[in-house]
Amino acid sequence: MSAAQKEEAIETKTKFSIEDAINRAIKKIGAKKENELCKYLPMKTGGYMHHFTFKKMKAKQPQELAAIVERFVINSDKPIGVAPKQRAARGSRKRKDHMNFTRNQLERMLNIARLAGDKEIITILSPKKSLATYKRELIQSIRQQRVEIELWNGYVEAIQTQQNMLAASDMLQN
(Lines give C-alpha, C1' and ligand atoms only; values in the text may rest on other atoms or scores of the structure.)
Protein backbone atom coordinates (compact mmCIF):
# COMPACT_ATOMS: atom_id res chain seq x y z
CA MET A 1 0.00 0.00 0.00
CA SER A 2 1.44 3.39 -1.01
CA ALA A 3 1.66 6.41 1.27
CA ALA A 4 -1.17 8.16 -0.61
CA GLN A 5 -3.46 5.11 -0.17
CA LYS A 6 -2.64 4.93 3.56
CA GLU A 7 -3.41 8.63 3.95
CA GLU A 8 -6.69 8.17 2.04
CA ALA A 9 -7.64 5.20 4.23
CA ILE A 10 -6.95 7.23 7.40
CA GLU A 11 -8.93 10.15 6.02
CA THR A 12 -11.87 7.84 5.19
CA LYS A 13 -11.70 6.34 8.67
CA THR A 14 -11.75 9.79 10.34
CA LYS A 15 -14.58 10.95 8.11
CA PHE A 16 -16.51 7.84 9.03
CA SER A 17 -15.81 8.36 12.72
CA ILE A 18 -16.81 12.03 12.65
CA GLU A 19 -20.00 11.26 10.69
CA ASP A 20 -20.73 8.40 13.07
CA ALA A 21 -20.16 10.63 16.12
CA ILE A 22 -22.36 13.39 14.67
CA ASN A 23 -25.16 10.95 13.81
CA ARG A 24 -25.07 9.38 17.30
CA ALA A 25 -25.10 12.84 18.91
CA ILE A 26 -28.03 13.98 16.74
CA LYS A 27 -30.01 10.90 17.74
CA LYS A 28 -29.17 11.40 21.42
CA ILE A 29 -30.41 15.01 21.57
CA GLY A 30 -33.33 14.33 19.20
CA ALA A 31 -32.30 16.94 16.64
CA LYS A 32 -33.36 17.05 13.03
CA LYS A 33 -30.36 18.89 11.63
CA GLU A 34 -26.63 18.88 12.20
CA ASN A 35 -26.66 22.59 13.06
CA GLU A 36 -28.86 21.96 16.11
CA LEU A 37 -25.95 20.04 17.59
CA CYS A 38 -23.92 23.29 17.81
CA LYS A 39 -25.98 24.53 20.76
CA TYR A 40 -24.62 21.69 22.90
CA LEU A 41 -20.95 22.36 22.12
CA PRO A 42 -19.33 25.04 24.33
CA MET A 43 -16.53 27.30 23.12
CA LYS A 44 -13.55 28.59 25.09
CA THR A 45 -14.54 32.19 24.32
CA GLY A 46 -17.99 31.68 25.79
CA GLY A 47 -21.31 30.58 24.37
CA TYR A 48 -21.92 27.70 22.02
CA MET A 49 -20.21 26.80 18.77
CA HIS A 50 -21.29 28.76 15.69
CA HIS A 51 -22.51 26.61 12.81
CA PHE A 52 -19.79 28.06 10.52
CA THR A 53 -17.14 26.97 13.02
CA PHE A 54 -18.78 23.55 13.19
CA LYS A 55 -18.59 23.15 9.39
CA LYS A 56 -14.99 24.39 9.27
CA MET A 57 -13.90 22.00 12.03
CA LYS A 58 -15.73 19.14 10.33
CA ALA A 59 -13.69 19.70 7.20
CA LYS A 60 -10.31 20.71 8.66
CA GLN A 61 -10.17 19.25 12.19
CA PRO A 62 -12.51 16.24 12.21
CA GLN A 63 -10.73 14.41 15.05
CA GLU A 64 -10.95 17.43 17.36
CA LEU A 65 -14.63 17.96 16.52
CA ALA A 66 -15.38 14.28 17.10
CA ALA A 67 -13.69 14.50 20.51
CA ILE A 68 -15.75 17.57 21.42
CA VAL A 69 -19.00 15.94 20.28
CA GLU A 70 -18.22 12.74 22.19
CA ARG A 71 -17.23 14.63 25.34
CA PHE A 72 -20.18 17.02 25.57
CA VAL A 73 -23.00 15.04 23.93
CA ILE A 74 -22.36 11.33 23.54
CA ASN A 75 -20.55 10.66 26.86
CA SER A 76 -22.78 13.04 28.81
CA ASP A 77 -25.73 11.55 30.70
CA LYS A 78 -27.95 14.52 29.88
CA PRO A 79 -26.53 16.86 27.25
CA ILE A 80 -27.14 20.44 28.34
CA GLY A 81 -27.64 23.28 25.89
CA VAL A 82 -25.07 26.03 26.27
CA ALA A 83 -26.27 29.60 26.84
CA PRO A 84 -25.48 31.92 23.94
CA LYS A 85 -22.48 34.22 24.16
CA GLN A 86 -23.23 37.56 25.76
CA ARG A 87 -23.38 40.18 23.05
CA ALA A 88 -23.21 43.94 23.20
CA ALA A 89 -26.58 45.64 23.29
CA ARG A 90 -27.93 47.15 20.09
CA GLY A 91 -26.77 50.69 19.62
CA SER A 92 -23.99 50.31 22.17
CA ARG A 93 -21.43 51.51 19.66
CA LYS A 94 -23.07 54.90 19.38
CA ARG A 95 -21.08 57.79 20.70
CA LYS A 96 -21.97 58.40 24.29
CA ASP A 97 -20.46 61.86 24.52
CA HIS A 98 -23.09 63.36 22.22
CA MET A 99 -25.58 65.48 24.14
CA ASN A 100 -29.11 66.23 23.04
CA PHE A 101 -30.48 69.61 24.01
CA THR A 102 -34.01 70.90 23.83
CA ARG A 103 -34.75 74.00 21.80
CA ASN A 104 -35.11 76.09 24.97
CA GLN A 105 -31.79 74.87 26.32
CA LEU A 106 -30.06 75.73 23.05
CA GLU A 107 -31.59 79.22 23.04
CA ARG A 108 -30.45 79.78 26.63
CA MET A 109 -26.91 78.64 25.79
CA LEU A 110 -26.94 80.86 22.71
CA ASN A 111 -27.97 83.86 24.84
CA ILE A 112 -25.19 83.08 27.34
CA ALA A 113 -22.69 82.92 24.47
CA ARG A 114 -23.98 86.25 23.13
CA LEU A 115 -23.59 87.86 26.56
CA ALA A 116 -20.06 86.47 26.80
CA GLY A 117 -19.29 87.65 23.26
CA ASP A 118 -18.02 84.22 22.13
CA LYS A 119 -18.55 84.34 18.36
CA GLU A 120 -17.34 80.78 17.72
CA ILE A 121 -19.83 79.25 20.14
CA ILE A 122 -22.56 81.50 18.75
CA THR A 123 -21.97 80.21 15.20
CA ILE A 124 -21.88 76.59 16.42
CA LEU A 125 -25.11 76.89 18.41
CA SER A 126 -27.00 79.05 15.92
CA PRO A 127 -29.43 77.07 13.82
CA LYS A 128 -28.40 76.86 10.17
CA LYS A 129 -30.75 78.81 7.94
CA SER A 130 -31.13 79.12 4.21
CA LEU A 131 -29.68 82.06 2.31
CA ALA A 132 -33.18 83.39 1.65
CA THR A 133 -34.00 83.29 5.37
CA TYR A 134 -30.82 85.21 6.20
CA LYS A 135 -31.66 87.83 3.54
CA ARG A 136 -35.19 88.24 4.86
CA GLU A 137 -34.09 88.53 8.50
CA LEU A 138 -31.29 90.96 7.62
CA ILE A 139 -33.71 93.18 5.71
CA GLN A 140 -36.13 93.11 8.65
CA SER A 141 -33.38 94.03 11.11
CA ILE A 142 -32.25 96.90 8.86
CA ARG A 143 -35.82 98.20 8.61
CA GLN A 144 -36.09 98.03 12.40
CA GLN A 145 -32.69 99.77 12.63
CA ARG A 146 -31.12 96.90 14.57
CA VAL A 147 -27.61 95.57 14.06
CA GLU A 148 -27.29 91.79 14.47
CA ILE A 149 -23.73 90.65 13.88
CA GLU A 150 -24.62 86.93 14.19
CA LEU A 151 -27.17 87.36 11.41
CA TRP A 152 -24.59 89.01 9.16
CA ASN A 153 -21.99 86.30 9.95
CA GLY A 154 -24.56 83.62 9.15
CA TYR A 155 -25.39 85.36 5.85
CA VAL A 156 -21.70 85.53 4.89
CA GLU A 157 -21.21 81.87 5.83
CA ALA A 158 -24.27 80.82 3.77
CA ILE A 159 -22.95 82.71 0.73
CA GLN A 160 -19.50 81.14 1.11
CA THR A 161 -21.03 77.68 1.39
CA GLN A 162 -23.12 78.29 -1.73
CA GLN A 163 -20.09 79.55 -3.68
CA ASN A 164 -18.02 76.54 -2.58
CA MET A 165 -20.76 74.18 -3.72
CA LEU A 166 -20.99 75.92 -7.11
CA ALA A 167 -17.21 75.78 -7.54
CA ALA A 168 -17.18 72.07 -6.65
CA SER A 169 -19.96 71.27 -9.13
CA ASP A 170 -18.15 73.25 -11.85
CA MET A 171 -14.98 71.26 -11.21
CA LEU A 172 -16.91 68.00 -11.48
CA GLN A 173 -18.46 69.03 -14.79
CA ASN A 174 -15.11 70.01 -16.33
Would you kindly state how much longer the chain becomes between Asn75 and Val147 on full extension, computed as 0.36 nm times their sequence separation minus their alpha carbon distance, in nm to one decimal? 17.3 nm
Whole-number Å³ per residue for the convex hull built on Cα positions in the chain: 303 Å³
Just the number please: accessible area per residue for the chain, 1.4 Å probe, all protein chains included, in Å². 83 Å²
Any chance you could tell me what percent of the C-alpha pair distances in segment 73-154 go past 21 Å? 58 percent
Using protein chains only and a probe of 1.4 angstrom, how many square angstrom of Phe72 are accessible, to the nearest 10? 60 Å²
Using a 1.4 Å probe and counting only protein heavy atoms, arrange His51, His98 so the residue with the most accessible area comes first. His98, His51
At 27 angstrom or more along the helix axis (alpha-carbon based) and mean Kyte-Doolittle of 1.6 or higher, what helices does the chain contain? Whole DSSP H runs only. none
Could you work out the local net charge near Ile149, counting Lys and Arg as +1, Asp and Glu as -1, over the other residues with Cβ closer than 14 Å to its Cβ? -3
From Cα pairs below 8 angstrom and at least 6 apart in sequence, can you work out the relative contact order of the chain, rounded to a whole percent? 15 percent
Within the accessible area of the chain (1.4 Å probe), percent carbon and sulfur: 54 percent
Formal net charge of residues neighbouring Glu36 (Cβ-Cβ distance under 13 Å; K, R +1; D, E -1): +4
Tell me what the chain gives for mean residue ellipticity at 222 nm when only DSSP H runs of n ≥ 4 count, each as -39,500 (n - 2.57), the sum divided by the residue total, rounded to 500 deg cm²/dmol. -19500 deg cm²/dmol
Sum up the charges of everything whose Cβ sits under 15 Å from the Cβ of Ser76, counting Lys and Arg as +1 and Asp and Glu as -1, but leave Ser76 out. +4
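The values are calculated or read from the model by the stated rules, or taken from the named source; none is laboratory data. Only a predicted model underlies this, so the values are computations on that prediction, with no experimental measurement involved. Neighbour counts run over all protein chains shown; Cβ positions are idealised from the backbone, glycine included. Heavy atoms of the whole protein, side chains included, go into the accessibility calculation; ligands, DNA and RNA do not. Shrake-Rupley method; radii C 1.70, N 1.55, O 1.52, S 1.80 Å.
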